[in-house]
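Asker: Mind looking over this structure? Questions follow.
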Amino acid sequence: MSAMRLVLDTNVLVSALLHPGRTPDLALVAARAAGAVVLVDARVEAEYREVLGRAKFKAVDPARRDALLTAVLGSCERVAVGEPSTVALVDPDDRAFVDVALTGRADAVVTGNGRHYPGTLGFAVLSPAELLARLT
């Protein structure tokens, strides 16, 4: 069986950072243990860095934040998205995740906002709990 190919919505990283040991964090740990491939492009990576670096997260240990980013980005697969998709989305900010998933032939986008994604994209839209259940 080949490794799962995943796109991680930023909200999953935020949740994992703010709530160590809870479902989003455990899902990321399980994904790494299973050898899942995380897909990103420059937009997604920039969003991860910008959001996790926001002042409202200054109480989070910077070493923990950096370790999370290193774990996610250190072994990710970078994809080059050509033309952005024209899929209608509830939240246009999710376009980068959809584009990366489509270009990188992702098995799933993992998000806390599954309702933002139409169900006809050709990949699964999983909550962290659903991902964890599939991997354990």
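The values are calculated or read from the model by the stated rules, or taken from the named source; none is laboratory data. As the structure is a computational prediction, the values presented were derived from the model and not from experiment. Using ideal geometry, Cβ is built from the backbone for each residue, glycine included, and neighbour counts are taken over all protein chains shown. Side chains are part of the model used for accessible areas, which takes the heavy atoms of the whole protein and leaves out ligands, DNA and RNA. Shrake-Rupley method; radii C 1.70, N 1.55, O 1.52, S 1.80 Å.
Asker: Got a number for residues in segment 53-84 being under 17 Å from HIS19 (Cα atoms), without any contact (Cβ under 8 Å) to a residue 60 or more places away in the chain and assigned to a helix (DSSP H, G or I)?
Answerer: Number satisfying all stated conditions: 11.
Asker: Would you please name the residue that is surrounded by the fewest Cβ atoms within 10 Å (Cβ to Cβ), looking only at residues in segment 29-43 that are free of Cβ contacts under 8 Å to residues at least 60 places away in the same chain and in a helix (DSSP H, G or I)?
Answerer: So the residue we want is ALA42.
Asker: Right, another one. If I filter segment 109-126 down to residues being hydroxyl-bearing (Ser, Thr, Tyr) and without any contact (Cβ under 8 Å) to a residue 40 or more places away in the chain, which single residue comes out as nearest to ARG22 (Cα to Cα)?
Answerer: Filtering first and then ranking leaves TYR117.
Asker: With open to solvent by 20 Å² or more (accessible area, probe 1.4 Å) and assigned to a helix (DSSP H, G or I) as the only criterion, which of ARG115, ARG105 stands out?
Answerer: Exactly one residue qualifies, and that residue is ARG115.
Asker: Tell me, yes or no, whether segment 112-129 has at least one residue that is modelled with pLDDT of 95 or more and either touching a His at 6+ places or on another chain (Cβ under 7 Å) or of a type in the set (Asp, Glu) (or both).
Answerer: no
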